[in-house]
Amino acid sequence: QVQLVESGGGLVQAGESLRLSCEASVNVFSLNDMGWYRQAPGKQRELVAVITSGGSTIHANFVKGRFTISRDNAKNTVYLQMNSLKPEDTAVYYCNAKKGIYAYWGQGTQVTVSS
């Protein structure tokens with residue numbers, strides 16, 4: 001069983017920054033991909049960014065150049081640095097981890113961007 005605990009969400013104005021953190025209860029080396037997804041009201045959950053066990057990253061087109069996913073192996077933590085936030089980035093952000101055939105989710109953290 002893998003537990004993921006997110007933190008760092010909040011209310012900011014357009015153009016500001018936030019950094020989300022996701023701490024895993026296991027050594028991240030034992031996991032496959034880790035990523036961030038988001039879900040806005042009335043919309044489906046969508047992929048924001050992924051970091052593989054090898055350190056490669058993939059970012060959704062709508063966040064390229066603004067968001068960056070990274071990982072601190074010593075802290076078993078994955079981060080999402082979000083810059084130049086827009087009102088359309090408002091959503092609940094979820095951390096995800098894959099281990100073998102299993103996928104695990106955090107409880108989510110709310111990000112609200114006001115105009």
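Given Cβ point charges of +1 (Lys, Arg) and -1 (Asp, Glu) and nothing else, what value in debye, to the nearest 20, does the dipole of the chain about its Cα centre take? Intermediate values should be presented prior to the final figure.
Details: 11 positive and 8 negative charges, 33 e Å.
Approximately 160 debye in magnitude.
Can you send over the carbon and sulfur percentage of the accessible area for the chain, probe radius 1.4 Å, protein chains only?
Working: 2880 of 6070 Å².
Taking all protein chains in place, the chain shows 47 percent carbon and sulfur surface.
Give the accessible area for I51 in Å² (nearest 10); use a 1.4 Å probe, count only protein heavy atoms, and leave out ligands, DNA and RNA.
Only protein atoms counted, so the area is about 10 Å².
For a quick check: with amide H placed at 1.01 Å from N, whose amide H comes under 5 Å from V2's, ignoring anything fewer than 5 positions away on the same chain?
The answer is none.
Alpha carbon centre of the range 89-105 versus the range 52-67: separation in Å?
Each part reduced to its Cα centre gives a spacing of 15 Å.
Can you work out D for the chain in µm² s⁻¹ from Stokes-Einstein, where Rh is the Kirkwood radius over C-alpha pairs, the temperature is 37 °C and the viscosity is 0.692 mPa s? Working shown, then result.
Numbers: Rh = 14.0 Å.
The estimated diffusion coefficient comes to 235 µm²/s.
Considering the dipole of the chain built from charges on the beta carbon (Lys and Arg +1, Asp and Glu -1) around the Cα centre, which of T68, A14, T112 is farthest to its positive end?
T68
Which residues make up the longest stretch of the chain that has no trypsin sites (Lys or Arg not before Pro) in a DSSP loop with at most 16 other Cβ atoms within 10 Å?
Details: sites that count: K43, R45, K64, R66.
Longest run free of exposed loop sites: 67-115.
Leaving out same-chain residues fewer than 8 places away, which lysines sit with a Cα under 22 Å from that of K75?
Straight-line reach from K75, under 22 Å: K98, K99.
Taking a probe of 1.4 Å, how large is the accessible area per residue of the chain, in Å²? Mind dumping the intermediate values first?
On the way: 6070 Å² over 115 residues.
That works out to 53 Å² for each residue.
The values are calculated or read from the model by the stated rules, or taken from the named source; none is laboratory data. Computed from a predicted structure; not experimentally measured. Cβ coordinates were reconstructed from backbone atoms using ideal geometry, including for glycine residues, and neighbour counts include every protein chain displayed. Accessible surface areas use protein heavy atoms only, side chains included; no ligands, DNA or RNA. Shrake-Rupley method; radii C 1.70, N 1.55, O 1.52, S 1.80 Å.
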